[in-house]
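Data block below; observations after.
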Amino acid sequence: MTLGSGAADLGGRSCVALDLDGVVYRGAAAVPGAADAVGLLRLRGVRVVFTTNNSGSTRDQVAAKLTGLGIACAAEDVLTSGYLAARRVHDLLGDGGQVLRIGTAGLSAELVTARLHPTDDPQRAEAVLVGLDPTFSYAALASALTALRRGLPLVGCNRDADYPVSPTDVLPGCGPLLAAVETAAQRPADHVVGKPGADMLVLAAQTSGTTLDDWFVVGDSPAADLGMARAAGVPGVLVAHPEAAHADLAGVVRAWAA
């Protein structure tokens, strides 16, 4: 069930998965009213987990950013596609696996935390991981192709085409990079862990000792955020989109709390 543009009738659910880019912040700035909205949710006893397809930062870095914006946050309150991807690669390779990654230093750090070894050597790699990478290059694409020609698993963080950095500007997301690697290798990724799949929400429920029946989703992407809600079978509320009934998170929370 998804609410989309409808009213925020959340049926007494006690946990919320909040998207970040475009919902809680845009670029370096908080969305107006977002901090107060999160505070009201917590005051009402709602468990808040921040979920993002952006793989560029570690959970610790995201938590620090939110705290700096006036939203108290620990790493355990954050799930990123990079964190999920590192867990998935560990499931495939086990401790010490060698991973050729297209991504940021933050994605490399998540691999290390998952007891994996980032490598730039396509001959040593045991898997290829593609995340958001502002420095993506032809050389990186060629290296990934060399590794994948050996039949290695290909894991993508997500297929987002872009992500918002201001009310009017977007930047390319992980999706175009993953598509380039898939096109070069002439095969699709073996695993894509981010939204609109349900993996992020399933993990949020598992790690908090709850069930999916306790959760709802707030996001700004019909494809990614409402897609995750549909995949998990939970309510989803859309904001910051022409189809949305509420312009921002604060509007959703006010309607819910009324």
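Points worth noting:
- Condition met for A204 (assigned to a helix (DSSP H, G or I), touching a residue at least 60 places away in the same chain (Cβ under 8 Å), of a type outside the set (K, R) and in contact with a helix residue (DSSP H, G or I) (Cβ under 8 Å, 6 or more places away or on another chain)): no
- Taking the range 60-147 and the strands (runs of 3 or more DSSP E) fully enclosed by it, the elements with 1 or more residues that are in contact (Cβ under 8 Å) with a residue 60 or more places away in the chain are at 78-80, 98-102.
- The residue that is nearest to N54 (Cα to Cα), counting only those in the range 128-160 that are among the small types (G, A, S) and loosely packed, with under 15 Cβ neighbours inside 10 Å, is S137.
- Qualifying residue in the range 152-165 (condition: outside any strand (DSSP E or B), within 24 Å of the chain's Cα centre (by Cα), modelled with pLDDT of 95 or more and β-branched (V, I, T)): no
- Any chance P188 is within 21 Å of D133 (Cα to Cα), surrounded by fewer than 16 Cβ atoms within 10 Å (Cβ to Cβ), of a type outside the set (F, W, Y) and not assigned by TED's automatic domain parsing to the domain that holds G22: yes
- Hits in the range 82-102 (condition: in contact with a strand residue (DSSP E or B) (Cβ under 7 Å, 6 or more places away or on another chain) and among the small types (G, A, S)): A85, G96, G97
- Of all residues in the range 1-27, exactly one satisfies the criterion of being modelled with pLDDT of 90 or more and surrounded by fewer than 19 Cβ atoms within 10 Å (Cβ to Cβ), namely S14.
- Selection from the range 208-258 of residues that are β-branched (V, I, T) and more than 16 Å from the chain's Cα centre (by Cα): T210, T211, V234, V237, V239, V252, V253
The values are calculated or read from the model by the stated rules, or taken from the named source; none is laboratory data. Source: prediction; values computed, not measured. Note that we place each Cβ from the backbone using ideal geometry, even for glycine, and neighbour counts take in every protein chain shown.
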